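Notes follow the structure.
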Amino acid sequence: MVQDAVWGIFVANGGGRFPNFFPIAMYTSKEQAIEEINGLPRNVNYHLLRLPVNCNFAYYHKKSGELVGMDGIDHEHYHFKDEER
């Protein structure tokens, strides 16, 4: 069976300018990705993105035409860095 998307785990470094995160893992199921996130170090924050396969999800600014982000992406935040231990 061909997957229509993959689930990517990204480290969120909180930097100023987009993109402020980078990929560390890809999974074919959301459940696998969440299980991996729960086992990762909690000194940083993570993003979980559902990325479509064979699809351009670039988002361009309507007026300037500048590439400014991603469109149509499921995106979840896992904020571990600032949680109390």
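The values are calculated or read from the model by the stated rules, or taken from the named source; none is laboratory data. Bear in mind the structure is a predicted one, so any value in this text is a computation, not a measurement. Using ideal geometry, Cβ is built from the backbone for each residue, glycine included, and neighbour counts are taken over all protein chains shown.
Annotations
- Subset of the range 1-16 [aliphatic (A, V, I, L, M) and at pLDDT below 90]: Met1, Val2, Ala12
- Across the range 54-65, the qualifying residues are those that are surrounded by 10 or more Cβ atoms within 10 Å (Cβ to Cβ) and not hydrophobic (A, V, I, L, M, F, W, C), and the one among them that is nearest to Met26 (Cα to Cα) is Tyr59.
- Evaluation of His75 against (1) modelled with pLDDT of 85 or more; (2) touching a strand residue (DSSP E or B) at 6+ places or on another chain (Cβ under 8 Å) (one fails), failing number: (1)
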